[in-house]
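Reviewing the structure listed below.
The values are calculated or read from the model by the stated rules, or taken from the named source; none is laboratory data. Here the structure is a predicted model, which means the values were calculated and not measured. With ideal geometry, Cβ positions are generated from the backbone for all residues, glycine too; neighbour counts draw on all protein chains shown.
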Amino acid sequence: MAKKHILFVLKDYNSSGHIVPLDKINLENRDDIRTNIFNLRYYLQKGINDPSRWRVWDNVARWSYGLLNLNIDYYPPFKDVDEQGDKQHRSNNLKRVAVLDIKKGPGSSSCNIHQLNRYLQKHPESLVYSSRQLELYGKLDYVICCGDGVFDAFMQVKDQRFTREQYEIASSKTNYCLTNSGTIIIRYTHPLLLQKNYNKENAYNNLMKIAQGALLEKVNMNL
């Protein structure tokens, strides 16, 4: 089976990761940066078991495992996937996917769609930076846009000059769209799962069904 390339798109990282204010950090000093700025890549690679963030990344790990093993006729049942989000398996699954934050600055514990839109209006350069970052990932199989407003923000990102041609839309549905190059872009909930009566099993199964439907259309369109 060919290796799949998956990107999760989120709004921002929690500013609680900053131990000291950014303007107090010597950005020329690696030790100062390493000590005082939350490093998402290090956190994900090392599988640090931080209770304040476990729910988000445990669910991303489960979703990653499911997507990596999904085809038109099958995806792993949740009973076999649940453990993929625990501290013994999480880091291995997260090492196999990429993460992009739309906002290029820290946020609070929550960021609603209005706050995200205001930020992008004030800092349109974030769209350009994200497009450049997206270009570096090359051909992607899945892009999972997590949270209110993230899918629409990603549409603005992919329309920037670095990625406009690669991410030209071939087909669009309520929950996903397909690009001419075969990337499946999915509009989905945030992995924190704050919705009432929406648990990790429901979230996993719903995502897998959306991905299967999009994959079937992709095959039928010969993308």
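Tell me which of these P124 doesn't satisfy, since it passes every other one: (1) modelled with pLDDT under 95; (2) within 16 Å of the chain's Cα centre (by Cα).
Failed condition: (2).
Among the numbered criteria (1) more than 21 Å from L70 (Cβ to Cβ); (2) in contact (Cβ under 8 Å) with a residue 60 or more places away in the chain, which one does Q195 miss?
Against the list (1) more than 21 Å from L70 (Cβ to Cβ); (2) in contact (Cβ under 8 Å) with a residue 60 or more places away in the chain, Q195 comes up short only on (2).
From the list R41, R34, R62, pick out the single residue that is closer than 25 Å to I185 by Cα, at pLDDT below 95 and basic (K, R).
The conditions single out R41.
Here are the criteria: (1) surrounded by fewer than 20 Cβ atoms within 10 Å (Cβ to Cβ); (2) small (G, A, S); (3) touching a Phe, Trp or Tyr at 6+ places or on another chain (Cβ under 8 Å); (4) more than 18 Å from L215 (Cα to Cα). Tell me which single one G138 does not satisfy.
So the condition that G138 fails would be (3).
Taking D141 and the conditions (1) touching a residue at least 60 places away in the same chain (Cβ under 8 Å); (2) of a type outside the set (S, T, Y); (3) in contact with a helix residue (DSSP H, G or I) (Cβ under 7 Å, 6 or more places away or on another chain), which numbered condition does it fall short on, given that it satisfies the others?
The single condition D141 does not satisfy is (3).
When the residues of segment 176-207 are narrowed to those that are closer than 17 Å to I144 by Cα and hydroxyl-bearing (S, T, Y), which ends up surrounded by the fewest Cβ atoms within 10 Å (Cβ to Cβ)?
My answer is S181.
Check K122, K218, K173, K158 and return the single one that is over 21 Å from L67 (Cβ atoms), among the basic types (K, R) and either exposed (fewer than 14 other Cβ atoms within 10 Å of the Cβ) or free of Cβ contacts under 8 Å to residues at least 60 places away in the same chain (or both).
Answer to the selection: K122.
Within segment 71-78, is there a residue that is surrounded by 14 or more Cβ atoms within 10 Å (Cβ to Cβ) and β-branched (V, I, T)?
Within segment 71-78 (the criterion being surrounded by 14 or more Cβ atoms within 10 Å (Cβ to Cβ) and β-branched (V, I, T)), the answer is no, since none of the residues qualifies.
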